[in-house]
Structure formats: structure tokens, C-alpha cells
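A short worksheet on the structure shown next.
The values are calculated or read from the model by the stated rules, or taken from the named source; none is laboratory data. Predicted model only: the values in this text are computed from it and were never measured. Every residue, glycine as well, gets a Cβ built from its backbone with ideal geometry; the counts of neighbours run over all protein chains shown. Heavy atoms of the whole protein, side chains included, go into the accessibility calculation; ligands, DNA and RNA do not. Shrake-Rupley method; radii C 1.70, N 1.55, O 1.52, S 1.80 Å.
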Amino acid sequence: SVMNVAALCYKVPHSLTVEAKSSSSRLLMVYQCPGVHQWPHTEKLPKQSLSVICWKQRQKSDRSGNEERFSSKKSYRSVKKEVLPQNVDLPPVLPKKKKKPYPIPITEIQRMARADKKLAQMGIEKALEPPKNGILVPELIPVAHEVLNAWEGLIRGLAQLLHVIPVYACSECSEVHVAETGHQIQNCRGSSSNKRQGLHLWVKGSINDVIIPTESYHLYDPFGRRIKHETRFDYDRIPAIVELCIQAGADVPGYPSRRRTKPIRMIGKKIIDRGGYLEDPTPKPRDSSALLSYDTHGALLRFPPPPPSDLSRVAQETMNEYETVAKGVRRLMTKYSVKACGYCPEVHVGPWGHNAKLCGEFKHQWRDGKHGWQDATIDELFPPNYVWHARDPGGPPMRTALKRFYGKAPAVVEVCQQAGAVVPKRYEPMMRLDVVLPDSEEARLVA
């Protein structure tokens, strides 16, 4: 197209000015003066010889507008942010014969290690900020109490809902389904799944099938002595979320934690001042009744079913508690260290992992049963436990032929949704609510 303007051209390959085949994320306009110059230039060109080649094709109605509408990066990005994903992919299933991916790129881990080693060789003390130096973060103490209260409310509400909402679990694998009957999707990976052609063996589920119990060792001083394999029975196992809240400033009777007033000092990986070793002041055995409200064991027996008139209210409160726990744990993990094994589901709350030789996953013989510790993600500390979303819980069971048309949701969200709660919008793309389920015969015709 011919434009009656003066052009400012950048030095780009001549092939790009002839055919705009490159791909980029921004609007690119290349100016060319055919028959006069071989390369684009910065001189004023005659309007008869000036041509514009744009690889981003726009609609004809948009081209008639102001030129600043297309060249402005701010307006282009603002339009792009408003577009929400209609559907998202289902969570991938990680292979068991391979280590989990690092949350932080390995190149970044190596860069930080080289920087720490360089400071240690120079004898310079590492600069540590709370809570890396053992001191609490004041603004996260209310968050720890909020998460602890929400965790208690989540267990209470979910135990009440499970008296009404049926949950089924496979006795051969970790599959869970929330509906009147189990589904017929042939994706069982149990020991005898070949004999059943991948069909599941459904049994009645419990609260531990909805909330996966993740436990961790309770430490009075996370920066003290590391747990050895021989001394692992000297420490209690409590829910990992409760241990994270205790180390972040929450107080649970019977499970104290050391509150430092002076920071620890480190050079490289060596602690030069930790304030001495202190033993756990709580005598053995501990009173486990203080932790009863934060444990899922026996929760269905402690809480009765809700009245039918209060079912939707309890479901909505449980959904809100679930969101509070997820949001609070994500915020706490930005400051406090949580480690996870790269091979098994073991989680440890603290600056470094323990030395108990309890890993039995891929190539554990090479590691003498020790865990391969790495930074944990929120899905490892607070697993979402995705299940198939049943649009009609009382209808016909799901089938393998329509598997790609079904969506998924966290088990807690699915239970609360069937009880009458409003699902947050961030779960809707994965639930695929806008996908129409075809018949089995129509599914074969879909590309």
C-alpha cells in the first residue's frame, strides 16, 4: 500500500522487506524503496515508491483508524490481558521412573550456589533476611493463624458434607470419584488392572481420599540438629500445614517452637552462630488431644451430618475455607522453606530436609534410601487431588469414549459444588463447563 508519509527504516535483512514470514509478538512494519536502495534507509522517500509490508494482518475496519492504535504497545497488551482462557489442559501425570522437575531452574540454583561459594571463600558472612535467619516475619503471623483456623474449619465442613455427598475410591489405585456411582473410565493402574481391562474396583471413600494427608516431622528448632534415621522416632509426625503454621508464628498447645530474638549467622553452608542447641522442653509422651481438631483421622465420627436446610451454607463455608488455606499456604511458602522429595511424596518443613532413609521410589538403592530434597511446590504441600467433574452425579456413569470431553476439579471443590456451593471462576476452565457432551456415536465423528 502507498502512504503519503516520511518513513524511518531500520536496517533489517532485505528478505524480510520482500516477504514478511517471521513471527513475533509485536506489530512490525517494514518499509522498502524498490529499485532505489537495496537496504532500508532513514531518508525521506517519494510517496510513489514507499510501500508498507506488515506481517500482522489487521481487519480493514481497523486499518482506517489512527496509526497510534496499532503502534502503541500499551493498548495492544491491555486487549491481550482481557482474554481469559476458555479451557485449560488437565493436570499431567508425572512418570514414577523419573525425578520431579525442579520448581527453580537448575541454572539459577547453580548460579546462587556459585555466588554463596565465592562469598564463603572470601570469608564474607551471608546476608540473611527473616525468616532465613531464624526470626519470624511479623506480617505473616496473622496469616499463619488464619490458615490454621481455616484448616480446622475445612476438616469440620468436609466431614459434615461427606455424610451426604457420596465419594468412591479405587481399592487398587489412587483414583477418586464424587458421584452416586463410580465411573467406567478405563484408566486404572493397579496391580491387577490388566485382568479388569483398566476398570476400577470402587469402595466407599473417606475424608483422606478427598484431602490427601501430608505429614511432616515437628521440630522445636528447625535450625537445630537434623533428624537422623536412628532418631526419627523421637519426633512426632503432624500435618505439614500445621507444622508450617507453627514455624510461621502460630501456637498449638503441646507443640512448642523456638522463637529466636537474635538471628543466626552463616558463611556459605556453615552456621557459625545458631545460639546453641536447645532440647524440646515438652515431656514425652505428648497429649495428642490438642492436635485432634487439626487431624483428619476420625473426623467423620466427630461431626454429625448437617440439616438439609443448612447443606448449601456449609458447602459454601467449606469452599471459602479451602480457598483461604490455599491462598495462605501459597503466601507462607514465599518466605518459609519447605522441602519435598523429588521421587516420593515426603515433605519436610524447614531450611533443609531430614536424613531418615525412608524413600522407596525410583532408584532408592543408589541413594541408600535417602530422599532427594528440593524446593517444594504448593501442590506437594497441599495436594489438590483432581477428580473428574460429574455434571449429573445421579445420571449414567462416565465412559472412556467421552473421556476427552470431561473436565476435572479438585476433590474438595467437586464435593462442595455438588452440595450447592458456588465454584470460583479460576476452576471453571479446567472443569470444561462450556463443552457439550456428545453421544458415543457422535464422538467418533469429532475431529
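Determine, for the range 193-282, the count of lysine pairs separated by eight or more sequence positions (or lying on different chains) whose alpha-carbon distance falls under 25 Å. Write down the numbers at each step before the final one.
On the way: 195/204; 228/269; 228/270; 262/270.
Total qualifying Lys-Lys pairs in the range 193-282 comes to 4.
Per-residue surface analysis assigns residue 257 an accessible area of about 20 Å², computed on protein heavy atoms at 1.4 Å probe radius.
Calculated accessible area for the range 154-264 comes out at 46 Å² per residue, all protein chains present (probe 1.4 Å; ligands, DNA, RNA ignored).
Need the full-extension length gain, residue 133 to residue 174, defined as separation in residues times 0.36 nm minus the C-alpha distance. One decimal, nm.
Answer, rounded to one decimal: 10.8 nm.
Accessible area ranking (1.4 Å probe, heavy atoms, ligands and nucleic acids excluded), largest first, for 373, 388: 373, 388. Full extension of the chain between residue 301 and residue 313 gives 2.2 nm of extra length, using 0.36 nm per residue less the Cα-Cα distance. Amide H to amide H, with H built 1.01 Å from N, residue 267 comes under 5 Å of 126, 272, counting only residues 5 or more places away or on other chains.
Which of rounded, prolate, oblate describes the range 307-346, given a ≥ b ≥ c as roots of the alpha-carbon gyration tensor eigenvalues and a/c under 1.5 marking rounded, otherwise prolate only if a/b is larger than b/c? Here the range 307-346 falls in the oblate category.
Protein chains only, probe 1.4 Å: how do 301, 219, 119 rank by accessible area, largest first? Please report the intermediate quantities before stating the final value.
Working: 301 165, 219 10, 119 65 Å².
Heavy-atom accessible area, descending, gives 301, 119, 219.
If the segment from residue 293 to residue 365 were pulled out straight at 0.36 nm per residue, it would be longer than the present Cα-Cα gap by 22.1 nm.
With the simple spin-label model, which puts each label point 7 Å out from Cα in the Cβ direction, the residue 228 to residue 434 separation comes to 6.0 nm.
Measuring only protein heavy atoms, the 1.4 Å probe finds residue 117 accessible over about 130 Å². Couplings 3J(HN,Hα) for the range 158-163, derived from phi with the Karplus relation 6.51 cos²θ - 1.76 cosθ + 1.60 (θ = phi - 60°), are 5, 5, 6, 6, 6, 6 Hz, where x marks Gly and Pro.
Counting only protein heavy atoms and a probe of 1.4 Å, the accessible surface of the range 176-259 is 46% carbon and sulfur.
Near the amide H of residue 338, within less than 5 Å, lie the amide hydrogens of 350, 376, all on another chain or at least 5 residues away, with H placed in the peptide plane. Give me the percent of accessible area attributable to carbon and sulfur for the range 311-447, probe 1.4 angstrom. Whole-percent figure for carbon plus sulfur exposure: 52.
Which order, highest average first, do 407-415, 210-218, 232-240 follow once you tally other Cβ atoms within 10 Å for each residue and take the mean per peptide?
On the way: 407-415: 24.0, 210-218: 20.0, 232-240: 16.4.
Taking the mean over residues of other Cβ atoms within 10 Å, the ranking is 407-415, 210-218, 232-240.
The solvent-accessible area of residue 312, taken with every protein chain present and a 1.4 Å probe, is close to 60 Å². Remark: for residue pairs 339/425; 98/363; 98/335, the C-alpha separation exceeds 19 Å in 339/425; 98/335. Can you list the aspartates and glutamates whose alpha carbon is less than 13 Å from that of residue 327, not counting same-chain residues fewer than 8 positions off? By straight Cα distance, residue 327 reaches 146, 379. Around the amide H of residue 387, modelled in the peptide plane, lie the amide H atoms of 409, 411, all under 5 Å away and 5 or more residues distant in sequence or on another chain. Modelled label positions at residue 141 and residue 115, each set 7 Å beyond Cα in the direction of Cβ, lie 3.0 nm from each other.
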